Each structure stands twice: as structure tokens, then as C-alpha cells.
Amino acid sequence: MNCSRCGTGANPDASYCIVCGNNLAAQRDQEAHEKAVQRRAEEEAEKMRQEAARAGAAEALAEAARQQQVATFHEALSTEPQQQELYPAPDQPAPAAESSGYVITENSSYAGFWVRVSAVLIDSVVLMIPNYMANQVSTSFSWLFLLVGPWLYCAYMESSSWQGTVGKRVFALIVTDGAGNRLTFGKASLRYWSKALSGLTLCIGFMMAGMREKKEAMHDLIAGTYVIKP
């Protein structure tokens, strides 16, 4: 190594210059520190170059993906959509619409008076069980059930997929409207509460089920319903 002050060559292990007395040990430490700083700076610069290269590659990939999306979009726009066939061809007749319920015809079997009475007796037995349970709670609750329970039972069952109460289903009977469709809850409720009018006529409204051609009781005429055996 050379002395930084006078330039005289010196022994690498010497502590001082023999010519000017310069501190060679401190000079060596200073040079080592400067080399370390320079090495770190070079490493940082190399790392920055590598990160820049990776960022450039990622940006290039992103740009390529954007270009691919643009190309796909333009290709989709240039493709004419196929016209859907909204109507069947003349030689392919449209399928017939399915019936929405039981089709009532002249040969339909209508339920008469006595079979309806038998169904009512069975329903009375069915309603005795919840009525007994309501009576165990309180007498007032039992009276409330007697008023509301049969209505909810009949209206719900006749507007359900069963189209009839348990008693009617025992005899394979269903309740339909004039088109043979299942009743709505409102129509079934109208049919139930119209039975009060059948009772007010000294039960003649009920007996009409055995007199008329299509076996409609008075409440059936009011609600526009039929009791049939499919």
C-alpha cells in the first residue's frame, strides 16, 4: 500500500509511514470502510435493477392481457348472434297446453247428499281431538277453537293439494271450481262461511246437494264450487 499523505510505499502491516509519520492503520480502516460502502451501494443498485426488470416484465404481461381482452371484445362484437327460433316451424305443431286441473264433463261423478254427510261425520271426529286439547287449556280457548278451528281446517285442506278434508278424501272426493281447478284459500273460506246460509234455511241449503243435477249445495252455488269424485 502507499501512504495517502506522501505517496511512499509502505509495508501493509506497518502502523505509521517511515517518511512522514502518517497513521497507516487508520488509513487502512478508512479504505476498508469506503470499499464496504461502495459494495453496499453496488448491491443496492443491482437490486433496484432487478426489481425494475421484474416490474417491466409484469407491466408487459398486464399490457398483453389487456390487448387480449380488447381483441376478444372486438371479436365478440363482430360475431352476429344466432336468431333464436321463437315459434315452431309449420311442420312442428306447438305442444298442447297441460290442463290446470280436473276436467269437468257431462260424465263427471258429483258427490250427493249422503256421502257428504258421511264425510262431515268423519271430519267431526277429526276435529274432536284438537277441540279436547283446547278445552284442557281453558273454556274460552275451546270456544275460540270452535269458531276458528273448523274454518281453518276446511279452508286449508280444500285449498291444499288434497283439495278436500280428511272425510272427503276417505270417500275419494275433491272440491273444485267451475273449471276443475284447485280452490284458493279465499274461495275455500267463502265456501265455508256460506254454509251458515245453508243452515239458516232449515238445512234446505244442505239438502239441495241431493236435489240438483250437479249436486251443488247452497254454499257451492254461492262460491261456484263442485264436489266431485275423479
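Please treat every number below as a calculation from the coordinates, not as lab data. The structure presented is a predicted model; accordingly, all values stated were derived computationally and were not measured. Note that each Cβ is placed from the backbone with ideal geometry, even for glycine, and that neighbours are counted across all protein chains shown.
When the helices (runs of 4 or more DSSP H) confined to segment 153-214 are screened for residues that are over 39 Å from the mean Cα position of the chain (by Cα), those reaching at least 1 such residues are found at 195-200, 204-207. For the criterion of being under 17 Å from Ile228 (Cα atoms) and touching a helix residue (DSSP H, G or I) at 6+ places or on another chain (Cβ under 9 Å), Ser118 passes.
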